[in-house]
1. Mind checking which of PRO109, GLY289, ASN258 is farthest towards the positive end of the chain's charge dipole, using Cβ charges of +1 (Lys, Arg) and -1 (Asp, Glu) about the Cα centre?
2. Can you list the aspartates and glutamates whose alpha carbon sits under 14 Å from that of LYS158, skipping same-chain ones fewer than 8 residues off?
3. Taking the Cβ-Cβ separation of VAL442 and LEU12 as r and a Förster radius of 30 Å, what is the calculated FRET efficiency to the nearest 0.05?
4. Which of the GluC sites (Glu not before Pro) across the stretch 1-83 are loop residues per DSSP, with 11 or fewer other Cβ within 10 Å?
5. Of all beta bridges DSSP finds with both residues in the stretch 54-304, what is the antiparallel percent, to the nearest 5?
6. Run the quick spin-label model on ARG273 and ASP54: label points 7 Å from Cα toward the beta carbon, then report their separation in nm to one decimal.
7. In nm, what is the difference between 0.36 nm times the number of residues separating MET61 and ASN266 and their Cα-Cα distance?
8. Please return the longest stretch of the chain lacking exposed loop sites, where trypsin sites (Lys or Arg not before Pro) count only if DSSP places them in a loop and at most 15 other Cβ atoms lie within 10 Å.
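The values are calculated or read from the model by the stated rules, or taken from the named source; none is laboratory data. In this text, all values refer to a predicted model and were calculated from it rather than measured experimentally. Note that we place each Cβ from the backbone using ideal geometry, even for glycine, and neighbour counts take in every protein chain shown. Ligands, DNA and RNA are stripped out before the accessible areas are found, and what is left, the full protein with its side chains, is counted by its heavy atoms. Shrake-Rupley method; radii C 1.70, N 1.55, O 1.52, S 1.80 Å.
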Amino acid sequence: MEPYKIKVVEPLAFTTRAEREAALAGAGYNLFNVPAALITIDLLTDSGTSAMSDRQWSGMMLGDESYAGSRNYFHLEHMVRRITGYRHVIPTHQGRVAENLLFSTVVKPGDRVPNNIHFDTTRANVEHNLGVAVDCVVDDAYDVTSPHPFKGDMDIAKLDRVLAEVGRERLPLVMLTITNNSGGGQPVSLASARAASAWCRRHGIPLFFDACRFAENAWLCKTRDPDCAGMSVEQIARAFFDLGDGCTMSAKKDGLVNIGGFIATNDDALATRLSNMLILIEGFTTYGGLAGRDLEAIAIGLEEVLDERYLEHRVGQVRRFGERLQAAGVPIVLPVGGHAVFLDARRFLPHVPQPHFPAQALTCALYLEAGIRGVEIGGLMFGVPDEATGAWSWPELELVRLAVPRRVYTDAHLDYVVEACARLLARRDTIHGLRIVSRAPVLPHFTARLAPLGGPA
Ligand SMILES: *Cc1c(COP(=O)(O)O)cnc(C)c1O
């Protein structure tokens, strides 16, 4: 059961099918353009959507809004140092600003930045600095039926290949995303992090964690890796951080807050350069684009996320959601990761070819059916048209991510989603593909507009 009780409630929004049809057409078949007031169950993201605790809300009242040296900054610094062991703690207002700071400081044109799989903002920030983002995850990550318990693991042979191709000078750092969001929220094993760390140390290349879901990753290690079974989540998380030189973090995930992030590192020279840049684009080093009250909520959230009763329920709720979808015959990525269930649109809609955006079509159908909002992670997000020929290169996976916000929905809400998916599966032949109407060159999925190819979805 939920290891908390509900103190504040917010009514759900209910709509008619006609209202949803009009909203979707007006949104260009892109759920990012649909107002939240027209969404019943919002599984768009687990980012910034957490319910805060009574302790966090009371902490917000203790906000010290001093421009420099706010006491809330020192509380945050203390918590981040306790968890990561990294000395320098640089707050930012989101994870992507931490990425922007890091990559604009260390990436030169033509550099390669390996990761298990880059998250979309991570990839975009590398590319914006004219680097090349390279995914080096184990092949099992792309096999949606493989039961591999750690599909976020790094494939060291792929790191070797990148190094052989461009040489040490073109590798400013290696990233490791825990858990691997874009690959299904799959965890990284401690053994794989150790191997990646040893590889980096051998070649003198810094290792940074993309640590958005470090606590969920640690919990999955504890439950899936016998070597971690006797360790606390905090010990497992620390074992990871000890292997690296720093981390970027969106506190909107395992920070259990609605806004915030940070970058932490042990590298003194790098911290100075990052701090100088921070002052230019975010604010002074003890607030980094956040209010003092936000810093306090993050500091408390980072403590609460290590509560193993919380993590057991959190990760267990997502797993049960996946098990019920599976029992209904809905094709999903297995095993279920930490923060989301991913529908496999290729198997759900085998009659929709990849150039017709099957995962986006399924996302739209789910909204029309029941007012549920998921997000496409497939051809719309990662497909790239060749500028000269117009021919597209397509990603390996066509997924619909149903991300579960932390401490927000009950199992009954998720049952409603399972039932809607089962109804869609029964009439999947009636779901048609989409075509692009307009598309931005960077992070296209946020603003793209599409149109339906066939009859009604
Ligand atoms: C959310 C996320 C980011 C970016 O963080 P924002 O706070 O949304 O800017 C980076 N990496 C991963 C793995 C994420 O999940």
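1. Farthest towards the positive end: ASN258.
2. Counting by Cα, and skipping residues close in sequence, LYS158 has these aspartates and glutamates nearby: ASP135, ASP139, ASP140.
3. Working: r = 34 Å, r/R0 = 1.13.
The pair VAL442/LEU12 has a calculated efficiency of 0.35.
4. GLU65
5. On the way: 12 of 23 bridges.
The antiparallel proportion sits near 50 percent.
6. It is 4.8 nm.
7. Contour length minus the Cα-Cα distance gives 70.6 nm.
8. 88-426
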